[in-house]
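These notes concern the structure reproduced below.
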Amino acid sequence: MLATFQGVIEHGQIRWIGIAPPEGARVVVVAPDYPSVEEQEARLTAISDEEWRRPFDDMIALARNSPPPEVDIDAVSSQALVDLAHEVRADAMERGDASRR
């Protein structure tokens with residue numbers, strides 16, 4: 001199941017706004033690089049429901065039209081996922097793409 005939750009990142013922690021994910025949920029955080037909590041909150045307040053849902057609808061459509069994944073995510077170790085995240089971050093930093101931090 002794919003669900004979305006709003007929150008802000010403050011001192012390295014996520015502070016959920018409204019409903020939080022259920023206990024034991026796996027969470028993927030997608031966060032633009034906003035320097036302050038106030039800017040994060042202002043962005044969430046300003047975003048329309050349509051704009052909020054669009055990237056998720058696009059992702060669902062892409063997943064439905066794509067071949068099945070090559071790897072079962074449940075079979076990948078936590079360390080392998082951490083290593084992959086660091087690799088992607090390092091590649092983004094090399095390209096100077098600060099939005100991918």
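Bear in mind that the values in this text are calculations on the coordinates, not laboratory data. In this text, all values refer to a predicted model and were calculated from it rather than measured experimentally. Glycine gets a Cβ as well: all are built from the backbone with ideal geometry, and neighbour counts include every protein chain shown.
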Selection from I60, T45, G7, by position along the positive dipole direction of segment 1-66 (Cβ): I60
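Compute for the chain: radius of gyration divided by Kirkwood radius, i.e. Rg/Rh, restricted to C-alpha atoms, rounded to two decimals. Each step should come with its number before you reach the end.
Working: Rg = 15.6 Å, Rh = 16.1 Å.
Radius of gyration relative to Kirkwood radius: 0.97.
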Any idea how far the Cα center of segment 50-67 sits from the one of segment 78-95, in Å? 24
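Would you please name the GluC sites (Glu not before Pro) within segment 1-43 that are DSSP coil residues with at most 12 other C-beta atoms within 10 Å of their C-beta?
Details: sites: E10, E23, E38, E39, E41; in loops: E23.
Loop-located and lightly packed - E23.
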